[in-house]
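Notes for the one structure printed next.
The values are calculated or read from the model by the stated rules, or taken from the named source; none is laboratory data. Keep in mind that what you see is a predicted model, and the values were worked out from it rather than measured. Here the Cβ is made from the backbone with ideal geometry for all residues, glycine too, and neighbour counts use every protein chain on show.
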Amino acid sequence: MQALRLARPHLALRTANVSGARWISATASQASAASLHPAANASAIPLSNVEAQWERLSADEQLTVHQQLEEIQKKDWKTLSIDEKKAAYYVAFGPHGPRAPINPPGTTLKIAIWVTGFVGLGTALYVAARNLAQPPPKTISKEWEEASNERALEQKMDPISGIASKGYSGKGFVTHK
Amino acid sequence: MMRSRVLPTLVRARPTVARAAPTLVRFSSGHAQESFEAFTERYVNFFQSAQDLFEVQRGLNNCFAHDLVPAPSVIEAALRASRRVNDYATAVRVFEGIKEKVENKQQYQAYLEELKGVRDELGISTKEELFSS
């Protein structure tokens, strides 16, 4: 029963979007009727449905619900129905207004999926760039670098502090391990 | 003659008040720690004399803001206060507050057991009981 009640407003909205003017005019006339006669409408707001429709109620209707609940809560609490208790709690401390959750449910999952997707895309780009790139130039190899060292010694390159100096202990041009 | 008589009086006229050593007290550190029992008693008294919903909710905000879980007697006083101001939602909210403050579910269950009497007497359901179905 509750599920039916919760489902009904959404259904009405969806059909309103689809079938257009007739529905819109119908809901508009309902709304204007409600705002014209808030006091007459007071008993018409069912407390069992307050949670589902609280956000859509006008300020006047919310006021009448508040007043209704104030009267109800003056009674013995053991005689309250579960719907009345729920309505009292929801109106006072429910997730609406300042207590509305900042993120709609499922946000964490959405963020996790998008982040994973973009990290995966980045990884794929990296792997593709590494695999599709030209091979490194022939001068970047251990053999070439050792040959460079020999040539530097032949030429006595940098004889004061560099590779051809006395007691030189560095690697010269060799950068490979 | 005159001079010799005047001089001692002048000397005597100098203020001879002993200079008091400055008392090095930090007034900010002078407060005593309130014991848990004193805290409990203070809030039981507060809730017993709370007049309206605003006072009750202000007291709840204050007593749940400390680094402790209020004693069951405080909770009971708060529940009776919310009964007195006719606000069922606040009574339910008190249990939500306890659930936030305790360290684990066993402690929460212990609080529920301890307060079962007053809960049944006043007809207070917890949020879980209300919204589980």
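Considering only residues that are at pLDDT 90 or above and acidic (D, E), look in the stretch A:51-74 and name the one that is farthest from the chain's Cα centre (by Cα). Applying the filter and picking the extreme gives A:E71.
One residue stands out in the stretch B:82-104 among those that are more than 10 Å from every other protein chain (Cβ to nearest Cβ) and of a type in the set (V, I, T): the one that is farthest from B:F54 (Cα to Cα), namely B:V102.
Is it true that some residue in the stretch A:13-20 is at pLDDT 75 or above and either under 24 Å from B:S132 (Cα atoms) or assigned to a loop (DSSP other than H, G, I, E, B) (or both)? Within the stretch A:13-20, none of the residues are at pLDDT 75 or above and either under 24 Å from B:S132 (Cα atoms) or assigned to a loop (DSSP other than H, G, I, E, B) (or both). For A:F118, the test of being closer than 30 Å to A:Q62 by Cβ and of a type outside the set (S, T, N, Q) is failed. For the stretch A:75-85, the condition of being touching an Asp or Glu at 6+ places or on another chain (Cβ under 7 Å), within 14 Å of chain B (Cβ to nearest Cβ) and modelled with pLDDT of 90 or more holds for none of the residues. Looking at B:L79, B:L115, B:L53, B:L130, just one residue is in contact (Cβ under 8 Å) with a residue 40 or more places away in the chain and within 14 Å of chain A (Cβ to nearest Cβ), and that residue is B:L79.
When you scan the stretch A:143-151, do you find a residue that is surrounded by 13 or more Cβ atoms within 10 Å (Cβ to Cβ), of a type in the set (S, T, Y) and free of Cβ contacts under 8 Å to residues at least 60 places away in the same chain, even just one? Scanning the stretch A:143-151, I find at least one residue that is surrounded by 13 or more Cβ atoms within 10 Å (Cβ to Cβ), of a type in the set (S, T, Y) and free of Cβ contacts under 8 Å to residues at least 60 places away in the same chain, so the answer is yes.
Only one of the numbered conditions (1) surrounded by fewer than 19 Cβ atoms within 10 Å (Cβ to Cβ); (2) at pLDDT 95 or above is violated by B:V74, and that is (1).
The residues in the stretch A:71-123 that are part of a helix (DSSP H, G or I), within 23 Å of A:L47 (Cα to Cα) and either in contact (Cβ under 8 Å) with a residue 60 or more places away in the chain or not polar (S, T, N, Q) (or both) can be counted, and the count is 20.
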